[in-house]
Amino acid sequence: MAHSTRRITLLMVRYPGFFADTMIRCTQYGYTHVAVGLEEDLNTFYSFMKKGFVIEKVTKYLKPGRDPFPCALYEINVSKKVYRRVKKLLEGYVARKKFLKYTHLSLFCCFLGIPWVLRNRYFCTQFVAEVLKRANVGYLPKHHALCLPKDFHNMPQTRLVFSGNTHSMVEHYRLTEFC
């Protein structure tokens, strides 16, 4: 890799459950969640879940008695300037974490094709799409509030670098709690 480029990463995960199964049937895509990360730590990703803005650790998915979740890791090569912009945006979300909430309403509107944006409220794909848009990373052919996991897969800038499950990803990249 040239010294003038860096990588950001997108982690796709398929969670179990009724809602996830319904989403997969509706979208015809095998993943239901997306998070964005930076190349220096493949264990840490940023996204939104029902509890709001979250900093996810892939190693936290490995709990005794729980089956590993199917996942895929994509990377996008970006300039150092764009990488710094993504990092600064993520730091801003971390600083405002307590004010950020998950939105079921915007997700519901997304499935209806209505881009509904609420201040400080996101669903996972809307958040990742907004970060990519604000940092000028790649091109998504639709409004950020209408993006679903398959839209990131279809971005020409993304490159699949891992496909499997969370357990095999932890082993493949030798991830630990302390990354």
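The values are calculated or read from the model by the stated rules, or taken from the named source; none is laboratory data. Small disclaimer: the values here were computed from a predicted structure and weren't measured. Every residue, glycine as well, gets a Cβ built from its backbone with ideal geometry; the counts of neighbours run over all protein chains shown.
For the stretch 134-172, enumerate the residues that are in contact with a Cys (Cβ under 9 Å, 6 or more places away or on another chain), more than 30 Å from residue 116 (Cβ to Cβ) and either at pLDDT below 90 or not in a helix (DSSP H, G or I) (or both).
Within the stretch 134-172, 162, 163, 164, 165 qualify.
Looking at the stretch 125-136, which of the residues that are within 14 Å of the chain's Cα centre (by Cα) and either buried (at least 21 other Cβ atoms within 10 Å of the Cβ) or of a type in the set (A, V, I, L, M) (or both) is nearest to residue 88 (Cα to Cα)?
Top of the filtered list is 131.
Among the candidates 82, 86, 36, single out the residue that is in contact with a strand residue (DSSP E or B) (Cβ under 9 Å, 6 or more places away or on another chain), closer than 13 Å to residue 137 by Cβ and surrounded by fewer than 20 Cβ atoms within 10 Å (Cβ to Cβ).
Testing whether each residue is in contact with a strand residue (DSSP E or B) (Cβ under 9 Å, 6 or more places away or on another chain), closer than 13 Å to residue 137 by Cβ and surrounded by fewer than 20 Cβ atoms within 10 Å (Cβ to Cβ) leaves just 82.
Among the residues of the stretch 109-141, write down those that are aromatic (Phe, Trp, Tyr) and under 15 Å from residue 48 (Cα atoms).
122, 123, 127
Mind checking which residues of the stretch 36-70 are modelled with pLDDT of 90 or more, within 15 Å of residue 15 (Cα to Cα) and of a type in the set (A, V, I, L, M)?
49, 58
Anything in the stretch 73-119 that is of a type in the set (Phe, Trp, Tyr), closer than 15 Å to residue 146 by Cα and free of Cβ contacts under 8 Å to residues at least 40 places away in the same chain? List them, or say none.
Residues satisfying the conditions are 108, 116.
Regarding the stretch 163-179, can at least one residue be identified that is surrounded by fewer than 19 Cβ atoms within 10 Å (Cβ to Cβ), without any contact (Cβ under 8 Å) to a residue 12 or more places away in the chain, among the charged types (D, E, K, R) and on the phi > 0 side of the Ramachandran plot?
yes
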